[in-house]
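Bear in mind these aren't lab numbers, they're just calculated from the coordinates by the rules spelled out. Bear in mind that the values here come from a model prediction, so they are computed numbers and not experimental data. All Cβ positions, even for glycine, are placed from backbone atoms using ideal geometry, and neighbour counts span all protein chains on display.
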Amino acid sequence: MRRAGLLVAALLGVHADAAPADDLLAALRRARTLEARGDVQITVLFPPRTVPTRTARRLPAVAFMPGLIARNFTVTGMDGGAVAGRATTRYDLTPKAAGAARWALWVDQVWNIPLAYEERTADGGLARRAAFVTVNATPVKVAAQPLSRPPGLAAAVRRALPGLSVPPGFEPSGVTGRADGGLSIALTDGVNVLALVTAPRNVKAAPGVASRRVGTGFVWLVGNLPQDALVTALAGIRGVDPSGLGTFVAPAASKE
């Protein structure tokens, strides 16, 4: 029986004696090229929206970065019960940095890909959850999207925003242009993503949003962190010079 179990583990790309973090990272790597399809219920409570629940045929994409997850989170595994009638393992990701959002993922025990996930605030409140209610008989192959962080981006961001205090564990992962001429810089800790924005106008005050005037424009920081952490990150910025970020700017994603 043990030999058979080891064979199954090898076929799934995991090891029977691996730590929970290793098993989860193997599942996330597998999920880059294989996805479940079916009926998914999605609830988003942060940021707040008029209609928090919708349905879809697949889990909404999350840019999980295995290397940063291993560095920034403690991973524990346990039986996850059934999701859409299939046995799962639940993995809890507890951030090592105070204030960061924590996550749980439910991974199919046969397919070794996620069937559900949820994000919670530092105080335990639900931010969002997505889970299959029904699932098709077989997963489908998908094209893997690149997850690398551009070399030199972190240094370029520091030069563009001198005095910026990036929250612990987070690193710049990409830059997109905005219609108003500003930039949106993604900061990731491997799971959570913050939006660091330069803009000619201020943003409406809301939970999870901090902003301050710098020169003739504004800098915002938006994401699932305590308000004081967002404010502190921007407090020391002395200026904005986006000229060095031009080579990193990607086109804004189209809306479906």
For the chain, modelled as a Gaussian network with Cα springs under 10 Å, which listed residue fluctuates most, 210, 127, 82? 82
Give a quick list of trypsin sites (Lys or Arg not before Pro) in segment 70-147 that DSSP marks as loop, anything other than H, G, I, E or B, with at most 13 other Cβ atoms within 10 Å. 96
With +1 on the Cβ of every Lys and Arg and -1 on the Cβ of every Asp and Glu, and nothing else charged, how large is the dipole of the chain about its Cα centre, in debye rounded to the nearest 20? 440
Under 1.5 on a/c is rounded, so check that first for segment 153-250, then, if it is not, pick prolate when a/b is larger than b/c and oblate when it is not; a ≥ b ≥ c are the square roots of the alpha carbon gyration tensor eigenvalues. rounded
Rounding to the nearest 20 debye, state how big the charge dipole of segment 153-250 is about its Cα centre with +1 on each Lys and Arg Cβ and -1 on each Asp and Glu Cβ. 300
Per-residue ellipticity at 222 nm for the chain, helices alone: DSSP H runs ≥ 4 residues times -39500 (n - 2.57), over residue total, nearest 500 deg cm²/dmol? -5000 deg cm²/dmol
Suppose R0 equals 30 Å; then what is the FRET efficiency for residue 97 and residue 49 from their Cβ-Cβ distance, rounded to the nearest 0.05? 0.65
